[in-house]
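So the structure is just underneath, and the comments pick up after that.
The values are calculated or read from the model by the stated rules, or taken from the named source; none is laboratory data. Since we're looking at a predicted model, the values are computed, not measured. Positions of Cβ are backbone-derived with ideal geometry, glycine not excepted, and every protein chain shown enters the neighbour counts. Keep in mind that these areas ignore ligands, DNA and RNA; they rest on the heavy atoms of the full protein, side chains included. Shrake-Rupley method; radii C 1.70, N 1.55, O 1.52, S 1.80 Å.
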Amino acid sequence: MFGLFRKKKTAQDEAIADIEYTLLRTFERIEQVADDPDQLSRRMKIVAALAAMTGALRDTYPNFPIENENIAFALIDANASGHQADSDGLAGAIIDLVKRCPSQRKEKIDTMMWTIAPNMMKR
């Protein structure tokens, strides 16, 4: 009987939940590897997490506001180009963002959104 009063999830609600889950999962993956003593392994895992996140969001939600110039793409590009110092610096900056982030869910989502859409998050 009580199920009758529950709000039914719309497609938009499901999309929002999916996007939030993707952003949170990426945050958690970066958080897990942040203290990995092997710098190369840490960087590669962060690059993989960011590439998976941006690829999944772009493929599933083509109109999702991922900006072409962001720290996630800069790290992926620097890593692919073999610029180790740039890659390590960008990975360190992302780790710093994750470590400094408050533990609230919304803050974690906002942090990951900033990595892919910094201009949108300035508003």
**Q.** Cβ-Cβ FRET estimate between ASP18 and HIS83, R0 fixed at 41 Å, reported to 0.05
**A.** 0.80
Q. Among residues other than PHE73 whose Cβ falls under 14 Å from its Cβ, what is the net charge (Lys/Arg +1, Asp/Glu -1)?
A. -3
(Q) Compute the helix-to-body angle for 11-33: its Cα long axis versus the longest principal axis of the chain, expressed 0 to 90° and rounded to tens. (A) 30 degrees
Q. When the dipole is taken about the Cα centre of the chain, and only Lys, Arg (+1) and Asp, Glu (-1) are charged at their Cβ, what size is it in debye, to the nearest 20?
A. 640 debye
Q. Out of GLY82, ILE19, GLN32, whose Cα points farthest toward the positive end of the dipole of the chain (charges: +1 Lys, Arg; -1 Asp, Glu; placed on Cβ)?
A. ILE19
Q: Please work out the average accessible area per residue across the chain, using the 1.4 Å probe convention, and give it in Å².
A: 64 Å²
Q: Take the Cα atoms of segment 12-123, build their convex hull, and give its volume per residue in Å³.
A: 100 Å³
Q: With a 1.4 Å probe and every protein chain kept in, tell me what percent of the accessible surface of the chain is carbon plus sulfur.
A: 53 percent
**Q.** Of ASP96, ASP13, ASP88, the one that fluctuates the most in a GNM where the chain has Cα springs shorter than 10 Å
**A.** ASP13
Q | Exposure rule at most 15 other beta-carbon atoms within 10 Å, DSSP loop GluC sites (Glu not before Pro): the chain longest free segment | A | 1-66
Q. Can you give the net charge of the other residues whose Cβ lies under 13 Å from the Cβ of GLU107, counting K and R as +1 and D and E as -1?
A. +2
